[in-house]
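Everything on this sheet refers to the single structure shown next.
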C-alpha cells in the first residue's frame, strides 16, 4: 500500500513549518537607521543615550525605537528625511569621538529575532553600497622596519660600551659609522650574532676618516614583512568595519599590496571612509623626567630629544626614541593588579618587542612610560593622543601590566583599543565606487521578475501536462522555494545576482525529479500495472537516476565553491542548497501528498497523469 506512517507526516510538516517561519523575515522591510559607535572602538557610555535623545528632542525629531547591541547604538526612524536630519544633528553634537553612520536596519519582529530569524543578506549588486580598493604603502613599512633596526643597533652598541659617530637609516639600507677599526669589528660581531638583528646583508665600507658598515634588509625578510603587514592590515580593517555594522562585508587581498573592501548597504560613504581610510598606529614611549613639560609648553622650547604632548588636559614630554609599536603587540586584556587591586591592562608582545621592552625597563625602573595613539585621518589630518601613562615598577618584557588607570571601564577601553590593532603600514584609497540603492533595487526587481516568470512557466507546464500529479509537483516547488529562502536566511548567506541565477536554475531543475518519477509511473501504467503498483514502482525505480543526476551536479557546485571567487561562490551555494531542498520536496514531499490522494485502501482505476 502507498501509505506513510504518522511520524513521517509529522516530520514533513515540521520541516515545512520551520522553513516557513525562518523565511518570514524576508517579507518585512527595512527602517532608515543611524548607527552610533565610538571612533576608537570604546564601549558606549551609559549616559550617551540621554545625550542623543536630548539632541533629537531639541530639533523636534523622534525615533521609532533604539537599541544597544554590544558597542553600537542603533536608532530607527520613520523616513529617510528624519534619518538624514538626525545624522547632521548627532554629528555636530557628538563630535569626532563617535562615528554616526547611515544604515538600513531590518524590521523583523522581536518574536522572530528572538528565535534567530533574520532576512537574507543582500550583496553589493542588490543592496547598493561602497567599494574601496586600498593600496598598502610598503615603502613606509620598510622604512619603519629600518628605523627599528636603527634603534636596536644603537641600543646594542650602548649596551657594549661602543662609541659611534652615527647610526642612521639611509635610502633602502642602514649606515653605521664607528670611531676605530676595533669598534667596527666589535660592531660587525654584534650584527652577526644578535638574534634581533638577523635578516641583514652586511658589508664593510672602505676605510676613511670613520670606519663604516653598510647593511641592507634581505629580500626574503622584506617579502615576509610585506605579507605580515598586509595580513595585519586586513585583520585591522575587519575590526574597523565591525564599527559600521555591515552584514557580510568583503575584505580580501588583491595582488601583492592591495586590499578590496566592499560594504553592502552602507549609505554614508563619508562615515565609511572615516573609518576605513584612517591609518593608525600605537607607540610606547618613555616620559622625559629630566625636563619640565609646563615650562616647555609656556616657552615653546622643547628639548631636542623630546616631543610635547597633552595628557588629560596637561602637557607632558615624551622621548623621541620609540620603545615598541602596535604591530609588535599580540594581545591585550583588562584585569586588576593582584598587589594593589587597581584596574590594569595586561599586554603581550612578540619576540622582538619583548626584548626591546625588557632592555628599556631594566634601565628605567621608577620612571614613567606612555602609550601614544596616532591616527592619520582622510585629508591629511593627523591626531596624536597620549592615552595612558604608567610607572615602571620592575623590569618586564613579553608580558606586563599597564596601570595608572582610573577605573575598570577605562581599562576595558584601552584593551579594546590595543586589541583592535594598528595598521602595520599606512594605506590609501586608490579606487572608490558607489553602487546606488536605486541600481541595487533595479537588480532586485529584475531578479525577482526572472524568478516569477520562470516559476510561473514551470507551474503552467506541469499543471497542463501532468494534471493532478503536476499540481502536486507545483505545490512541492512552492515549498522548495520557501525552504531554500529559509536556509539562505538561517545560514546568513549573501544573495547576489549570480545567487539569483542559481535560484532560477534550481526552479527548473527542481521538477526534473518529478518528471522522471511521473514518466516512470506512466510507463508502468502502459505496461498494465495497477495504479497503486505504478505509483510505488515509479518512486522506487526512479530514485537511483534522480540521485545520480543530483550528486553529479552537487560535485560541480562544490568545485565552483572551492575554487571560485565571491559571486561564483554565491551561485554555488544557492545551487547546492536548491538541489538538497528539491530532492526532499520532489521525493519525500510529493510522495506524501500522492499517498494522501491515492494511497491507503483506496481502489483507484485511473490516475490523472
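Read-outs: derived from the displayed coordinates by stated rules, not from any lab. On a predicted model such as this, the values are computed, not experimentally measured, just so you know. As a convention, Cβ positions derive from the backbone with ideal geometry for all residues, glycine included, and neighbour counts pool all protein chains shown.
Brief remarks on what is shown
- One decimal place: the segment residue 254-residue 227 gains 8.5 nm when fully extended, by the rule 0.36 nm per residue minus the C-alpha distance.
- Helix 497-510 and the long axis of the chain differ in direction by around 30°, with both axes built from C-alpha atoms.
- Order by protection proxy (mean Cβ within 10 Å, highest first), peptides 257-263, 339-345: 257-263, 339-345
- Protection proxy ranking of 179-190, 574-585 - average other beta-carbon atoms within 10 Å, highest first: 574-585, 179-190
- Rounded to the nearest 0.05, the FRET efficiency derived from the C-beta distance between residue 5 and residue 547 at R0 = 25 Å is 0.65.
- Rounded to the nearest angstrom and listed largest first, the equivalent-ellipsoid semi-axes of the chain from its Cα gyration tensor are 64, 30, 21.
- Against the chain, whose longest principal axis is taken from its Cα atoms, helix 351-363 shows a tilt of about 30°.
- Each peptide in 147-159, 521-533 receives the mean, over its residues, of other Cβ atoms within 10 Å, and ordering these scores from highest gives 147-159, 521-533.
- Normalised size of the stretch 134-244, defined as Cα radius of gyration per 2.2 N^0.38 Å with N residues, equals 1.29.
- Stretch gain in nm, segment residue 491-residue 295, where the contour uses 0.36 nm per residue and the Cα spacing is subtracted: 64.4 nm
- Between the C-alpha center of the stretch 5-54 and that of the stretch 524-541 there is a gap of 48 Å.
- For the pair residue 188 and residue 432 in one chain, pulling the backbone fully straight at 0.36 nm per residue adds 83.0 nm over the alpha carbon distance.
- With neighbours defined as other Cβ atoms within 10 Å of a residue's Cβ, the residues 535, 6 order from fewest to most as 6, 535.
- Average Cα contact separation per residue, the chain, under 8 Å, 6 or more apart, as relative contact order %: 17
- Rounded tilt (10° steps) of 437-491 against the dominant C-alpha axis of the chain: 20
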